[in-house]
Amino acid sequence: MDVFTTPDSMRAWSRRHRAAGSTIAVVPTMGALHEGHFGLMAAGRAAADLVIVTIFVNPLQFNETTDFDSYPRPIEDDTRACEAHGADAVYAPTSAIMYPPGFQTHVEPGALADALEGPMRPGHFQGVTTAVTKLFGATVPDVGVFGQKDFQQLAIIRRMVADLNLGVDIIAVPTVREPDGLARSSRNVRLTANDRRAALAVPRSLQAAADVFAAGSRSPSDVRRAAVDVLTAEPAARLEYVEVCDIATLGPLTQIEHGCVVLTAVWFGDVRLIDNRVLTG
Ligand code: AMP
């Protein structure tokens, strides 16, 4: 497995393999790799001949320096894990390489970034779209693999690729969960034992919403209320939002017709977790 830290060396590798007829999937990550990321790698392997994993803790997409500073960075374990999961190359640039002095060009997402995570995390999605565009530029992929865990991010990336004619097929991978239902996240390791138990209220809240929907309700406020009730009953949880949205536009709904997505962000101590569930049928 090859490891690159500069865009020029990464691009040379990709161009060589593309010229030889190989297709390439890229899996953008911030490292601290877990089963969720490994699921993305498997999807990349199924969709293309070669898989590149990018590892970059992107300062542009963090709102708080403490979150950025405390984000886990086990780069040696991550590199080993990429190799064990069949990655063909790792691209792990430094911040100085991604954003050298004089850097001034950003990719600005549109209305999809205005709701949900957008107002809570000013500049976050502009940081994501800018970094992903640069990672695509360095890796020259046919396929980009992203998780449904970050549902709004996935929608914004799809829109960006279409709007900017980037010519990368975007593949979405369903959320990989712990056996007890908590969505895998690099931030889970920062939960205290008590908060780790309390965090199960998040998947339970989404299940409660799904139960109300399955029982026949098509009222967004009833579906939302079911999730809110579970989260507010958990003393360790500090609810930031629960929203019931249109699957394609992420806009608010007055009535659920074909389906919806329930999205939530919840704090446990200083750890912020997000999760979502698509309801259809
Ligand atoms: P991150 O390293 O957290 O920025 O995530 C990198 C990619 O992995 C994103 O496309 C995420 O949506 C995806 N991802 C993170 N956690 C999971 C999970 N539990 N299941 C599926 N994909 C995930």
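The values are calculated or read from the model by the stated rules, or taken from the named source; none is laboratory data. Here the structure is a predicted model, which means the values were calculated and not measured. As a convention, Cβ positions derive from the backbone with ideal geometry for all residues, glycine included, and neighbour counts pool all protein chains shown.
Brief remarks on what is shown
- Beta carbons closer than 8 Å, at least 6 apart along the sequence or on distinct chains, pair a first residue in segment 157-177 that is at negative phi with a second that is acidic (Asp, Glu) and within 8 Å of the ligand (Cβ to nearest atom) for Val176/Glu35.
- Helices (runs of 4 or more DSSP H) fully within segment 75-171 that include at least 1 residues being within 27 Å of Leu250 (Cβ to Cβ): 117-120, 124-139, 151-163.
- Restricting segment 24-38 to residues that are more than 8 Å from the ligand (Cβ to nearest atom) and assigned to a strand (DSSP E or B), the residue that is farthest from the chain's Cα centre (by Cα): Ile24
- Within segment 39-68, being more than 9 Å from the ligand (Cβ to nearest atom), in a helix (DSSP H, G or I) and in contact with a helix residue (DSSP H, G or I) (Cβ under 8 Å, 6 or more places away or on another chain) holds for Met41, Pro59, Leu60, Phe68.
- Single unsatisfied condition, Ala87 versus (1) modelled with pLDDT under 95; (2) closer than 23 Å to Asp49 by Cα: (1)
- Segment 155-170, residues that are within 12 Å of the ligand (Cβ to nearest atom) and buried (at least 19 other Cβ atoms within 10 Å of the Cβ): Ala155, Ile156, Ile157
- Taking residues in segment 101-123 that are closer than 14 Å to Leu60 by Cβ and modelled with pLDDT of 95 or more, and partners anywhere that are β-branched (Val, Ile, Thr) and assigned to a helix (DSSP H, G or I), the pairs with Cβ atoms closer than 7 Å and at least 6 places apart or on different chains are His106/Thr130; Val107/Thr129; Val107/Thr130; Val107/Thr133; Pro109/Thr129; Pro109/Ile156; Ala113/Ile156.
- Hits in segment 249-273 - residues which are in contact (Cβ under 8 Å) with a residue 60 or more places away in the chain, among the hydrophobic types (A, V, I, L, M, F, W, C) and at negative phi: Val261, Leu263, Ala265, Val266, Phe268, Val271, Leu273
Residues are listed down the side, and each one gets a yes or a no for (1) in contact with a Gly (Cβ under 7 Å, 6 or more places away or on another chain); (2) modelled with pLDDT under 95:
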site: Ala19; (1), (2): no, no
site: Gly36; (1), (2): yes, no
site: Arg45; (1), (2): yes, no
site: Asp67; (1), (2): no, yes
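- Within segment 136-154, the residues that satisfy the criterion of being more than 11 Å from the ligand (Cβ to nearest atom) and crowded, with 22+ Cβ neighbours inside 10 Å are Ala138, Thr139, Pro141.
- When residues of segment 197-215 are limited to those that are in contact (Cβ under 8 Å) with a residue 40 or more places away in the chain and within 16 Å of the ligand (Cβ to nearest atom), the one nearest to Val261 (Cα to Cα): Leu206
- Residues of segment 176-196 satisfying the condition of being among the acidic types (Asp, Glu) and within 15 Å of the ligand (Cβ to nearest atom): Glu178, Asp180
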